[in-house]
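The values are calculated or read from the model by the stated rules, or taken from the named source; none is laboratory data. Not measured: the values here are computed from a predicted model. We place every Cβ from the backbone using ideal geometry, glycine too, and count neighbours over all the protein chains shown.
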Amino acid sequence: MAKPKVFVTRRLPEPALTQLLDRVQADVWPHALPPSRSTLLEKVRGLDGLLCLLTDPIDDPIMAAAGGRLKVISNCAVGVDNIDLPAATRRGIPVGNTPGILTETTADFAFALLMAAARRVVAGDQFVRQGKWQTWGLTQLLGQEISGATLGIIGFGRIGQAVARRAQGFNMRVLFYDPRHPASPSAPPAEKVELEELLMQSDFVSLHTPLNPGTHHLIGARQLAQMKPTAILINTARGPVVDSQALYQALNTGQIGAAALDVTDPEPVPLNHPLLTLENLIITPHIASASRATRGKMAQMAVDNLLAGLAGQPLPNCVNPQVYPR
Ligand code: DGY
């Protein structure tokens, strides 16, 4: 029997790639940069399955171009904002993602950004390399206290809660805002508050919401104006959750203290973006889940989802289970 035809939009880490190549007829995009839209439109024609990354916008025309055979879209990420989910659901195509396995890694990185911004780790490194270190200075590169500070977590799902657990070790007071989060006895200790109260009281605000129409620009000029002038904003969720222009204004005018971003809008951030002129900003290239072990597990989970979909079985992790008959 002919093997199912699959397009994989980037090389996967091993052993996931070999396992996939053994089971399907795979066309693997060999380049570091994502395929263009026109390439995607051409590559998806006649496919049984698509394994993509968060950099690949998969909308209704792409699904239409695949023709009627497309049985599964497997995204190698937990976030699925690059995929038109209503369109996939309408077409009866299950969409897979990779939840859970990147929770701790991402929370580690959010906390690393929090600490780096609070204690000016990047500025200190540059200070030394630029030959500015002449003596030990009592007021040199002063940062902010982490221990005992108030941390506001926006989005109290798996990753938000993992960040809250780390905060316990620093004796922090934790507030959270998440209209969808039900009170759960297994969640780490944290006080549920309204967004405005969280913004007004927090020394650190860390974002952990998915990107959807309700969270687009959730943090804009009005919200930034409600934050403390010393507050530090950390974003490891999705760039468009924050209005970048408003953030630039808030950082540039000292309305808030600093920001640490692992995600931007757009990605990659253009080199001439005003945010990159600011000294009170740390920025990294969307690497919060980038440990070798976690990226390997994400690839494996994406392959497992893909193979299940090709076999007509329910995906182990499906974001639109409505496609399955009850
Ligand atoms: C995701 O999975 O959505 C992250 O942004 C990348 O790991």
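Summary table
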item: Ala288 being more than 16 Å from the ligand (Cβ to nearest atom), modelled with pLDDT of 95 or more and crowded, with 16+ Cβ neighbours inside 10 Å; result: no
item: Index of the failed condition, Ala112 passing every other in (1) out of contact with any helix residue (DSSP H, G or I) (no Cβ under 8 Å at 6 or more places or on another chain); (2) within 16 Å of the ligand (Cβ to nearest atom); (3) in contact (Cβ under 8 Å) with a residue 24 or more places away in the chain; (4) among the small types (Gly, Ala, Ser); result: (3)
item: Residue that is farthest from the ligand (Cβ to nearest atom) [pool: residues in the stretch 90-109 that are among the β-branched types (Val, Ile, Thr) and assigned to a loop (DSSP other than H, G, I, E, B)]; result: Ile93
item: Top-ranked residue of the stretch 294-322 - restricted to ones that are within 13 Å of the ligand (Cβ to nearest atom) and either among the acidic types (Asp, Glu) or farther than 28 Å from Gly92 by Cβ (or both), ranked as surrounded by the fewest Cβ atoms within 10 Å (Cβ to Cβ); result: Gly296
item: Among the candidates Gln245, Gln255, residue that is outside any loop (DSSP other than H, G, I, E, B), away from the ligand (no atom under 15 Å from the Cβ), out of contact with any strand residue (DSSP E or B) (no Cβ under 6 Å at 6 or more places or on another chain) and of a type in the set (S, T, N, Q); result: Gln245
item: Filter result for Leu281 (away from the ligand (no atom under 13 Å from the Cβ), surrounded by 16 or more Cβ atoms within 10 Å (Cβ to Cβ) and over 21 Å from the mean Cα position of the chain (by Cα)); result: no
